[in-house]
Amino acid sequence: MILVLNGPNLNLLGTRDPEHYGSETLASLEEKLAATFPDLTFRWVQSNHQGVLIDALHEAHAESAHGVIFNPGGYTHTSVALHDAVDAIDPPVVEVHLSNIHAREDFRRTSKVAPACVGQISGLGPAGYLLAVQYIQMQGAVSA
């Protein structure tokens, strides 16, 4: 199982700031991942609440998930609690952002979460999620 975890405002994909985040909805992104990797099991969680995201990370650890793809949204830049939750679990966590956070406003250029992750994919749109799954597969956690 791979947890695909999305933070605040990602439920508004497709309508919120399409110039930064594109026009694809979260539901269509989930469908694309499932169709591209039909032999994998995904668990999808989106929440606007930090505690729910932390609980999902802890559950991924308890369930021995093969990996986590995590877009922390706005919490990326502020949450020591999410950093600590990622740091405390065993499954590899890949931080993903649709937009290039390093080419945006100054406050978006720093991730509190990234240092606890195995890597970060930023600015490649929905392809970033696909690449994160491929990375988890390449690590041998799940079969290709």
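The values are calculated or read from the model by the stated rules, or taken from the named source; none is laboratory data. Everything numeric here is computed off the predicted structure, so don't read it as measured data. Note: ideal-geometry Cβ built from the backbone for every residue, glycine included; neighbour counts use all protein chains shown. Accessible surface areas use protein heavy atoms only, side chains included; no ligands, DNA or RNA. Shrake-Rupley method; radii C 1.70, N 1.55, O 1.52, S 1.80 Å.
Taking Cβ atoms as reference points and 13 Å as the exclusive limit, the residues near residue 60 contribute a net charge of -3, counting Lys and Arg as +1 and Asp and Glu as -1. Computing Rg and Dmax of the Cα atoms in Å for the structure here picks out one of (i) 16.1, 54; (ii) 13.8, 40; (iii) 16.0, 50, namely (ii). Exposure here means at most 14 other Cβ atoms within 10 Å; with trypsin sites (Lys or Arg not before Pro) in a DSSP loop as sites, the longest stretch of the chain lacking them is 17-103. Once the 1.4 Å probe is applied to the protein heavy atoms, the chain comes out at 47 Å² accessible per residue. Comparing 66, 49, 77 in a Gaussian network model of the chain (Cα springs below 10 Å), the most mobile by mean-square fluctuation is 49. The mean sequence distance of close C-alpha pairs (under 8 Å, at least 6 residues apart), as a share of the length of the chain, puts its relative contact order at 25 percent.
Taking Cα centre as origin and charging only the Cβ of basic (Lys, Arg, +1) and acidic (Asp, Glu, -1) residues, the dipole magnitude of the chain rounds to 240 debye. Exposed loop sites, defined as GluC sites (Glu not before Pro) outside DSSP H, G, I, E and B with at most 14 other Cβ atoms within 10 Å, are absent from the longest region of the chain, namely 1-62.
Per atom type, the chain shows carbon and sulfur on 51% of its accessible surface, probed at 1.4 Å.
All other residues whose Cβ lies under 15 angstrom from that of residue 13 are scored, Lys and Arg at +1 and Asp and Glu at -1, for a net of -3. Largest mean-square fluctuation among 68, 113, 45, in a Gaussian network model of the chain whose springs join Cα atoms under 10 Å apart, belongs to 45.
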